[in-house]
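What follows is calculated from the coordinates using simple rules that are stated; it is not laboratory data. Please read all numbers here as calculations on a predicted model, not as lab measurements. Counting neighbours? That spans all protein chains shown, and the Cβs are built from the backbone with ideal geometry, glycine included.
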Amino acid sequence: MKQFFNRFIRTHSLETRTTMDEQLKRQVSSLYGLFSGIIGPEKVVLRAGKLDALELMRSESLPEKVLALQKLVFEDPTVEKLPTMEEIPAILEDIEEELADLLARRAVEEKIEKKIAEKMEERHQEYVQEIKMQVLKEEDNSVENPQTLKKYAMLEKLETRKLTRSAMELLRPSNLDEIIGQERAVAALKAKLASPYPQHLILYGPPGVGKTTAARLVLEEARRLKNTPFDKDSPFIEVDGTTLRWDPRDMTNPLLGSVHDPIYQGARRDFAETGVPEPKPGLATDAHGGILFIDEIGEMDVMLQNKLLKVLEDKRVFFDSAYYDSTDANVPKYIKKLFEEGAPADFILIGATTRDAEDLTPAIRSRCAEIYFEPLTPKHIEEIVYNAAVKLAVEIEPEVPQLISEYTIEGRKAINILADAFGLALQRQGDQVEGLVITREDIYRVAQVSRLSPYVSTRASQKAEIGKVFGLGVAGYLGSVLEIEAVAFPLTEKGKGTIRFNDTAGSMAKDSVFNAAAVVRKLTGEDLANYDLHVNIIGGGRIDGPSAGTAIMTAIISAITGRPVRQDVAVTGEVSIQGKVKAVGGVFEKAYGAKQAGMTTLIIPKENEKDIPTGHLGLNTYPVSTVEEAMEILFADTEKNTA
């Protein structure tokens, strides 16, 4: 009996457990079906794959299926422990609560979506219009505020106030005929620019002679011609080379352009947020199809000059950035185009400089035609002053143009002096422009206030002098007259003489003195060791080359022989110890210095004969090969004119 009872108990427990297992399986299956109905069968599979629960779902083991259900419902990939049969009922209760929450949220969402759909259907047009107005209002409010609007109003008010044109704007040449003293340079500029194949150019010359104005006016003329690549929209972009510096980090480059990286340089907010670099084209692209004029190009950084060469060759500016990703979908088309194709930069380069050609990089010079603008003579300055007076509609005393020409050789400076005198005359006359006359006293007052001094302190004379001669020097593009004098004292005790010379004149000038001493002995038979000789450059000028040799020799010979030298002649040329007059540099500029000082005659080396045209500046030019030829001119007919 006892055995039968025990067997009955075991059988009944097994049946009970079997019944419970079946109920749990049906419950798990129901929960799987409910969960699938909430998020959809496809999403169940995707989520199971993501959580590594696919194998568990397909398992015949109830604990594994429950574990899979835990992972899916709670989206917890860290659940790895298989539940026991005793733990399963509690786990299923938690799952049921979570599913109930999901169902409740879904019901609420569906209800809200239904109401929104009904509302949108009823008032669709009105609602959209209200949204648009709200967006516009928010846009305005996000950008402007009372402070910014006040500043904008102040700027608008400033725009309404305008002065009349400045004097320089009024008096600036408005056509090529008004550019005085540069006929040859302007003709060369037109030939090279107003052509079907315009060339890159470098304009050399002293300041204030019209280089920038000439370039601008020639472009205006080229725009009107049919056989040039320029049209009415061709730009003239002007920049000062002294303001252009190369940034080794390539973060700022107004000439060629730069890239604003999203981190270091703060690109636009929308680009910074998406990590997109923004290229910023520079002046080279602004000048595309026209002219890029760089004033004082010789002051540009050498590295920047070399980078400019690459642009001239490619006719494009290329950008680079470590932040650029060609596959990034956030990159706009224009940025992608700039990075991959570069920015167009097909322009004609015109550089202007007051420096010597040697100061520019040879690579730049080799790609450019070179044009030299000439210094202005006193007659040119006088003509500029006359033309400016006409534009100002004022009368000037006859002495005014000549007086202004004594204070400057720059056309721009001459106009400034006249404009200052105009203001003084206007004050004197009580602000009455009609009948206004600018007098020489007005010019003197301007000179005193501006601390001006005459440009030329040495003047030619018709009276000859002993031991004094005019040599010629050059600095940049400006020639000047050097006043050289010599005094010789014979010694009673022969052979103990000395030669003194300015220490400030330079070592090459001293060499010229000793070379001249050898030639003097050859020509005159006199030994300078028998004289105490003092040679002086009046004003302490420094002579960097040997070009004063002929002048120094003439002064020494005049001092020891007593022969007077003409004072309306200027001479340049190196002298060899054999008495030859050798070639020197800067002859063209030196001729302007001679003309400025009132010289009528110019003596140059025979080897420099082709450097200046015949009759240049109205000077009588004599090319010589030997010092004897030079002295024939310097000492000619001096007996009649001795001081």
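For segment 465-641, the Cβ-based charge dipole about the Cα centre amounts to some 120 debye (Lys, Arg positive; Asp, Glu negative; other atoms uncharged).
Dipole size in debye (nearest 20) for the chain around its Cα centre, Lys and Arg Cβ +1, Asp and Glu Cβ -1? Walk me through the intermediate numbers first.
Values: 80 positive and 100 negative charges, 220 e Å.
Rounded to the nearest 20 debye, it is 1060 debye.
How do 225, 72 rank when sorted from fewest to most other Cβ atoms within 10 Å of their own Cβ?
Values: 225 12, 72 24.
Lowest to highest Cβ neighbour count: 225, 72.
Close amide H partners of residue 257, meaning residues 5 or more places away or on another chain with modelled amide H under 5 Å apart, are 282, 283. Placing unit charges on each Cβ (+1 for Lys and Arg, -1 for Asp and Glu) gives the chain a dipole about its Cα centre, and among 104, 394, 129 the Cα reaching farthest toward its positive end belongs to 394. Below 29 Å, Cα to Cα, which lysines can residue 190 reach? Residues fewer than 8 away in the same chain don't count. Here the lysines satisfying the reach criterion relative to residue 190 are 211, 226, 232, 307, 310, 315, 379, 391, 413, 590, 595, 610. Can you find, among 416, 435, 450, the residue farthest towards the positive end of the dipole of segment 409-452? Put +1 on the C-beta of Lys and Arg, -1 on that of Asp and Glu. Highest projection toward the positive end goes to 450. Beta-bridge orientation, the chain: approximately 45 percent antiparallel, per DSSP, counting only bridges with both partners inside.
Look at the dipole of the chain built from charges on Cβ: of 572, 204, 30, the Cα furthest out on the positive end belongs to 572.
The lysines within cross-link reach of residue 336, meaning a Cα-to-Cα straight distance under 16 Å and a gap of 8 or more places when in the same chain, are 280.
With r defined as the distance between the Cβ atoms of residue 492 and residue 450 and R0 fixed at 51 Å, what FRET efficiency is calculated, to the nearest 0.05? FRET efficiency, residue 492 to residue 450: 0.40.
Residue separation times 0.36 nm, minus the C-alpha to C-alpha distance between residue 59 and residue 434: what's the value? Don't jump to the answer; show the numbers that get you there.
Numbers: separation 375, 0.36 × 375 = 135.00 nm, distance 11.21 nm.
Length gained between residue 59 and residue 434: 123.8 nm.
Per residue of the chain, the DSSP helices (runs of n ≥ 4 H) give a summed -39500 (n - 2.57) that works out to -15000 deg cm²/dmol at 222 nm.
What dipole magnitude, in Debye to the nearest 20, does segment 170-372 give about its Cα centre under +1 on Lys/Arg Cβ and -1 on Asp/Glu Cβ?
Values: 25 positive and 32 negative charges, 115 e Å.
For segment 170-372, the charge dipole is close to 560 debye.
Check which residues have an amide H placed less than 5 Å from residue 568's amide H, if you skip close sequence neighbours. Under 5 Å from the amide H of residue 568 lie the amide H atoms of 461, each far enough along the sequence or on another chain.
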